[in-house]
Amino acid sequence: MSGTKNTGMETGGAENKLTPPKAESDTGGKANTPPRSAAPKREKPPHAAAGPDSKDSARGAAGDRRASASARKAPNTARENPAAAGPDFERLSQNLARFVDHGGRALAAYFKPAENGGETDVSAELNDAFRSISRIAEHWLSDPGRTFDAQSSLTVKFLGLWAHSLRRMSGKRGKPFVPYDPSDKRFTAPEWRESPFFDFLRQAHSIISKWAEDLVQRSGDVDPHTRDKARFYLRQLTSALSPSNFFATNPELIKETWATSGENLARGAELLARDMEAGKGTLKITRCDTSKFELGVNIATTPGKVIFRNDLMELIQYAPATDTVLKRPLLIIPPWINKFYILDLNPEKSFVRFAVEQGLTVFIVSWVNPDTRHRDKGFEAYMREGILAALDAIEKATGESKVTTIGYCIGGTLLAMTLAYMAQTGDDRITSTSFFTTQTDFSQAGDLRVFVDEDRLRALEKKMSATGYLEATGMASAFNMLRPEDLIWSFVVNNYMKGKPPIAFDLLAWNSDSTRMTAANHLTYLRHCYLENRLAKGMAKMSGKTLDLSKITIPVYHLATRDDHIAPAKSVFIGAKLLGGKIRFVLAGSGHIAGVVNPAGKPKYQYWSGKAPAGEFEDWLARAHENQGSWWADWIKWIKRQSRKEVPARVPGEGALPPICDAPGDYVRVRY
């Protein structure tokens, strides 16, 4: 990366300034260089062998020799270890000036919206956090017994840590009071374990974080929603206050700054200013070098054609990779919170390409990135102009009326609603379906519920009324806050403190390509699903039809992921029990994205399979069978069991719908 290369070159320059020139030897000199005369020998001072000063003279000569030897060794040491030479103070002063200059740019960008009369959501967020945490504090401080309990539980742990730290400072080694967690990437540098000071900071932060979380958990008199919000905001706070996030308490940052004479801070301030300006006063962290990716060139490259388009979506049909294909086409309904090509990142990671190579005729919906014109497009519009319109188009393109479907995340929630509606109207075109990390019961929906209450919904409705949509950064910020250590602070440290530019990574490039959401759709989703849980309770309606999930009796492949922060596995499991058909429930390793995009050719994670969902999720998992490899292979076996009949391969455009353009289409290219 360019930043790293510049650092190395400039550090080398600093070493050359500090290194005295070497004397040339007589035999190694240039041809035209006259020979040097031999240096005159130093004569012994008279009476050197006698007298009281002779020992002092000998010691002085020996000291001169040692100093000369050290001087000869110094340049080599500096070259081997740039940090050993210390910073170049001239460069340090220049870099500090650059740091101040770019820092001023960042501050100017931050205050610009306020100068122009704009508003930010920061104050409202802080007020909500303060109110939630204050309720927990009030619970513990209102009773002297509880106050003493809270204080003593923290004091006892810190006394243990102090005793451990004092033993370490006296030279004794032992197991840390708070065990080191190798999976915590914030503290991977050896200094966090080897230095008593940094080890103390690491353990103290862990003690305080767990103590605060425990207080929230034990606040039984506080209503559950306030407790959930307090837990969420405390996690944001403890993540932000980690010693790894501060220059003076992070050994890696200290070493980096010393070795580069502050170059990292100057580069970091420049990156911060760029991101603040790009976010128009809101920090928009650049997590990936997106310039290295181009849709249709090295990302979303599976060949296909857009064969249908309306105001809400484009329908892509992919080119076959086999001579014959399964008779039933496959329709994929992705979420509209991000773009569809998470399922077509590159040839190795592409679920779409995998399905095509397994002999499926694959169609996928590419949702529009909405603007003001789409403000009134709600769930019913997405059903009619999305799923039902796609089914009509597939029949025209292939002549097939029976299909199998996949719904991913919120796309799966919409698909479940559509299937319940189709059951009420007698529409049997979908003969089997798969749900990937899909929630239909939101009673255990995880941390995203903290963003949903009446006050928030009123504020959100007012905010979206002007434009008719939620900005792409809205949900992206919420998702990042679910994993603040990985998705926020790791980039803050790497980009703005270490001064390292973001790398090129296809998954992060997709993640940064977020979309807007229509006001009608988003408000319905938050109120009817998260706040009121209408679908699970049998209260949701579409076109006057009450949606009953138990009426969905077709075969279902239901996938959850074990470490999912967006659609928790337990929540997915509870919703799966509401369906009326035969269900194969599978739990994949990892999270919402990596657990789904786990290629059969290069699997990173395992999966668990077991009986149909019943009882408690924990009991199902305890009895489930762990399988090595990707769940993709299990899924395609399930698909082929539903219908094995094959037909000649279908080429996009050969049916009644001519191609409009090449995949990945036009809607996916719209960015704001």
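The values are calculated or read from the model by the stated rules, or taken from the named source; none is laboratory data. In this text, all values refer to a predicted model and were calculated from it rather than measured experimentally. Every residue, glycine as well, gets a Cβ built from its backbone with ideal geometry; the counts of neighbours run over all protein chains shown. Remember, those area values only see protein heavy atoms, side chains included, never the ligands or the DNA or RNA. Shrake-Rupley method; radii C 1.70, N 1.55, O 1.52, S 1.80 Å.
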Exercise. Quick one: helix 122-141 against the long Cα principal axis of the chain, what's the angle to the nearest 10°, folded into 0 to 90?
Worked result: 80
Problem set entry | For the range 549-609, Kirkwood radius (reciprocal of mean inverse C-alpha pair distance, Å) | 12.1
Problem set entry | Translational diffusion of the chain, µm² s⁻¹ [Kirkwood Rh, Cα pairs; Stokes-Einstein; 25 °C; 0.890 mPa s] | 83
Exercise. Length gain on complete extension for the stretch Ser93 to Lys545, per 0.36 nm per residue less the alpha carbon to alpha carbon distance?
Worked result: 155.6 nm
For this session: Work out the FRET efficiency for Ala108 and Ser134 from their Cβ-Cβ distance, taking R0 = 51 Å, and round it to the nearest 0.05.
Result: 0.90
Problem set entry | Among 148-157, 254-263, 101-110, 388-397, the order from most to least packed when residues are scored by Cβ within 10 Å on average | 254-263, 388-397, 101-110, 148-157
For this session: For the range 646-659, just list the computed ³J(HN,Hα) in residue order, Karplus coefficients 6.51, -1.76 and 1.60, θ = phi - 60°, integers in Hz, with x standing in for Gly and Pro.
Result: 10, 9, x, 4, 9, 9, x, x, 7, x, 7, 10, x, x
Exercise. Using alpha carbons only, how many degrees (0 to 90, rounded to 10) separate the axis of helix 54-80 from the longest principal axis of the chain?
Worked result: 20
For this session: Do me a favour and compute the ellipsoid semi-axes for the range 125-272 from its Cα gyration tensor, root of five times each eigenvalue, largest one first, whole Å.
Result: 32, 23, 11
Exercise. Over the chain, what relative contact order in percent results from Cα pairs under 8 Å that are six or more residues apart?
Worked result: 16
Exercise. Using alpha carbons only, how many degrees (0 to 90, rounded to 10) separate the axis of helix 2-18 from the longest principal axis of the chain?
Worked result: 0
Seminar exercise, completed: Full extension between Ser465 and Arg146 adds, at 0.36 nm per residue less the Cα distance, a length in nm of 110.3 nm
Exercise. Pairs Lys292/Lys637; Lys185/Lys611; Lys292/Lys602: which exceed 25 Å Cα-Cα?
Worked result: Lys292/Lys637; Lys185/Lys611
Exercise. How much FRET efficiency would the formula 1/(1 + (r/R0)^6) give for Ala594 and Asp427, where r is the Cβ-Cβ distance and R0 is 41 Å, rounded to 0.05?
Worked result: 0.70
Exercise. Want the number for Asp455 to Val297: 0.36 nm per residue separation, take away the alpha-carbon distance, what's left?
Worked result: 52.4 nm
Problem set entry | In range of the label at Ala478: residues from the range 589-615 whose backbone nitrogen is under 15 Å from the point 7 Å along Cα→Cβ | none
Exercise. For the pair Leu388 and Lys210, how long in nm is the line joining their label points, each one 7 Å along Cα→Cβ?
Worked result: 5.5
For this session: Using the heavy atoms of the protein chains and a 1.4 angstrom probe, tell me the accessible area per residue for the range 318-465 in square angstrom.
Result: 30
Problem set entry | Residues listed by number, the range 265-302, amide nitrogen under 19 Å from Ala649 label point at 7 Å toward C-beta | 301-302
Exercise. For the range 232-294, what are the per-bin percents of Cα-Cα distances with bins 10 Å wide, up to the bin holding the maximum?
Worked result: 19, 32, 40, 10, 0
Problem set entry | Taking the C-alpha atoms of the range 373-508, convex hull volume expressed per residue in Å³ | 186
Problem set entry | Rounded, prolate or oblate (a/c below 1.5 giving rounded, otherwise prolate when a/b exceeds b/c) for the range 159-242 by Cα gyration tensor | prolate
Exercise. How much net charge surrounds Ile552 when only other residues with a Cβ under 15 Å from its Cβ are counted (Lys, Arg +1; Asp, Glu -1)?
Worked result: +2
Problem set entry | Accessible-area composition of the chain, carbon plus sulfur, in percent [1.4 Å probe] | 55
Exercise. How many nm is it between the label spots at Ala633 and Asp486, if each spot is 7 Å from the Cα in line with the beta carbon?
Worked result: 2.5
Problem set entry | Rounded accessible area of Met169 (nearest 10 Å², 1.4 Å probe) | 130
Exercise. Can you give the FRET efficiency for Asp666 and Ala189, using 1/(1 + (r/R0)^6), R0 = 60 Å, r = Cβ-Cβ distance, to the nearest 0.05?
Worked result: 0.80
Exercise. If we count every other residue with Cβ under 11 angstrom of Arg429's Cβ, Lys/Arg +1 and Asp/Glu -1, where does the sum land?
Worked result: -3
Seminar exercise, completed: Other residues with Cβ under 11 Å from the Cβ of Gly595 give, with Lys and Arg +1 and Asp and Glu -1, a net charge of 0
For this session: Pop a pseudo-label 7 angstrom from the Cα along the beta-carbon direction at both Lys640 and Tyr180 and give the gap in nm to one decimal.
Result: 4.8
